[in-house]
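Everything below concerns the one structure shown next.
The values are calculated or read from the model by the stated rules, or taken from the named source; none is laboratory data. Owing to the predicted nature of the structure, the values given are computational and were not obtained by experimental measurement. For neighbour counting, all protein chains shown are included, and Cβ atoms are generated from backbone atoms with ideal geometry for every residue, glycine included.
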Amino acid sequence: MEEHNLVFSFFLIFTGAAILASAALYTRQPLLVAYIVLGAVLGPYGMGYVSDTQMLSEISHIGIIFLLFLLGLDMQPSHLIHMLKKATLVAIGSSIIFFATGYGIGVAFGYTQTEAAIIGAALMFSSTIIGIKLLPTTVLHHRHTGELVVGLLLLQDVIAIMVLLFLYSGDSGDNGMGTYLKTLAALPALIAGAFVFVKYVLLKLIQRFDRFHEYIFLLAIGWCLGLAEVAQMSGLSAEIGAFVAGVSIATSPIAQYIATSLKPLRDFFLILFFFSIGASFNLSLLDEIIVPSVILAVLVIALKPVVFRFMLSKISESKSLAWEVGFRLGQISEFSLLIAYIATSAALIGQEASHVIQATAILTFLLSSYVVIFNFPSPIAVSDKLRRD
């Protein structure tokens, strides 16, 4: 993408987003809807004003990385470990149920066994972005809800990475087990290395130069993106690296200052992320995929809250909290979009099956956002009573 095209694309995206966001706020609609609709209208399958969606998608991925970093800054390590222990069986059990549901629907609509299995895999995960962006982080009595949502999302991320590694290593079957073992070893090594570096290097730098706010800002960005890159090179995801980077300095007094400083930067990139989702969707395939996509989306919206409500109640969580967590996780994930992209590139699924996954993701992003903002506290709730930062 040439420089003038990039500037023009940014002009269209952010000016258009400002206009549609204003209309969305006046009509009490979630802002995410405005960004996705704008992408569909201006993207290559709409009016075609913004054509290089691949570039925008790569840029917007930084927003997800910052989102996970900021999330880690709010998580105390001791609380996080306790929550992961509680949520492990729930994450595994629910993933099996959602996989079986997607696989069954895929087979019922005549997709191949491989395509049905990948559709099932795409339904296993909930969106880190939707789940966290609609979760209040500064309201004390929602802290446990937040920890539970984060614990489940992180465990799902680990499962998603295993699925992605399987797809990546599809062409080299002998190296598959070695890749998995490398990844399993990389996670504890990354965590240990991060905490050691923070204790002996990062915190000492922060304590020495904490009067220079610009330096703290740069140090935080460098630490976040640096550990994200190390995680990716180790076979993990950049998101997990960013989250570990945040958790590793969560006990520092400077953590909340860093979180406040980076929020505008995060929102800038997340607007690009949601725009790129809408822009990447091929509207010409809509007639062929609308029926299975709508059925899958309705099943996801209806089934996920029920499954999480049942399974969370088994680990002694209250009914109201279990329902809220279920509705907050009642969509599929950005990992699902990545699964569809990789599987298509590897010729494991066709364009139609890939777009079924993409359409289901977009529909569940939109529908679950509506459910949450009308019924639960969130930063973009339509009601002043429910709006929480």
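Considering only residues that are surrounded by 17 or more Cβ atoms within 10 Å (Cβ to Cβ) and either more than 24 Å from the chain's Cα centre (by Cα) or free of Cβ contacts under 8 Å to residues at least 40 places away in the same chain (or both), look in the range 204-243 and name the one that is farthest from Ile62 (Cα to Cα).
Per the stated criteria, the residue is Ile206.
Within the range 297-333, track down each residue that is of a type in the set (S, T, N, Q) and either touching a residue at least 40 places away in the same chain (Cβ under 8 Å) or under 22 Å from Ile161 (Cα atoms) (or both).
Gln331, Ser333
How do the pairs read when you match residues in the range 361-382 that are farther than 13 Å from Gln29 by Cβ with residues anywhere that are among the aromatic types (Phe, Trp, Tyr), using Cβ under 6 Å and keeping only pairs 6 or more apart or on different chains?
Filtered contacts from the range 361-382: Val371/Phe327.
Looking only at helices (runs of 4 or more DSSP H) that fall completely inside the range 254-357, which ones have 2 or more residues that are among the basic types (Lys, Arg) and within 25 Å of Gly93 (Cβ to Cβ)?
286-313, 319-328
Would you mention how many residues in the range 343-372 are over 17 Å from the mean Cα position of the chain (by Cα) and hydrophobic (A, V, I, L, M, F, W, C)?
Here the count works out to 8.
Quick check on Ala100: is it within 19 Å of Ser333 (Cα to Cα), out of contact with any Pro (no Cβ under 8 Å at 6 or more places or on another chain), modelled with pLDDT under 90 and not basic (Lys, Arg)?
no
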